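Engineer: Following this message is one structure expressed as structure tokens.
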Amino acid sequence: MDPGSPEDARRIFINDATNSTPEEKGRIWDLQLDFLYRINWFSWQRTYILLGPRLAHFTGNFKFVGGNEDFDVRSKQWGWGIGFEKYYGISDKMDLVFTTGVDYFSKSILNGHDTSYSPNGETVNGRNDYTFKDADKAINQPEFVPKFMLGMSYHFGR
């Protein structure tokens, strides 16, 4: 995923250097717990609304080749997800499962290098009067994340 603007991240979290070639990468690890509520719309059988809490660990890595900078910006965010899940029977023991929805994550503290910016305005080792708003604009921590899944479900003991 796109972690944000390397140049802005460097200015906000480290220094004002402009040398080197930026490389960037980002990832999210998330934990989801869904509660399902069965619905019967039209002739659809085995269709559910899902709702549940989310926890996401975001990491954006910014490396400046030739500039001797390689740092991560991290956040841990809580959120909620909502969606639909539909099961299609393809055999006695196997279903095709389609899930779609969206997750929402609240803004969270952004930590990078030895600097952190908090949504409540608290800053640790901040640079040049930058604020959380500046850091959040530079870093693409998750906020609304669409979800689509197509998978298989196997029934043991059926």
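The values are calculated or read from the model by the stated rules, or taken from the named source; none is laboratory data. This one's a predicted model, so the numbers in the text were calculated from it and none came from an experiment. All Cβ positions, even for glycine, are placed from backbone atoms using ideal geometry, and neighbour counts span all protein chains on display. Areas reflect the complete protein model, heavy atoms only, side chains present, ligands, DNA and RNA absent. Shrake-Rupley method; radii C 1.70, N 1.55, O 1.52, S 1.80 Å.
Conditions tested, residue by residue: (1) open to solvent by less than 50 Å² (accessible area, probe 1.4 Å); (2) in contact with an Asp or Glu (Cβ under 9 Å, 6 or more places away or on another chain); (3) among the basic types (Lys, Arg); (4) part of a strand (DSSP E or B).
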site: 130; (1), (2), (3), (4): no, no, no, no
site: 133; (1), (2), (3), (4): no, no, yes, no
site: 142; (1), (2), (3), (4): yes, yes, no, no
site: 148; (1), (2), (3), (4): no, no, no, yes
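Engineer: I'd like to check which strands (runs of 3 or more DSSP E) are fully inside segment 19-86 and have at least 2 residues that are loosely packed, with under 12 Cβ neighbours inside 10 Å. Walk me through how you get there before you give the answer.
Structural biologist: Working: elements: 21-32, 35-39, 47-65.
The qualifying strands (runs of 3 or more DSSP E) are 21-32, 35-39.
Engineer: Contact list please: Cβ distance under 6 Å, first residue in segment 76-91 and β-branched (Val, Ile, Thr), second residue assigned to a strand (DSSP E or B), pairs at least six apart or on different chains.
Structural biologist: 82/51; 82/101; 90/96
Engineer: Among the residues of segment 81-131 satisfying the criterion of being closer than 29 Å to residue 70 by Cβ and among the aromatic types (Phe, Trp, Tyr), which is farthest from the chain's Cα centre (by Cα)?
Structural biologist: Result: 130.
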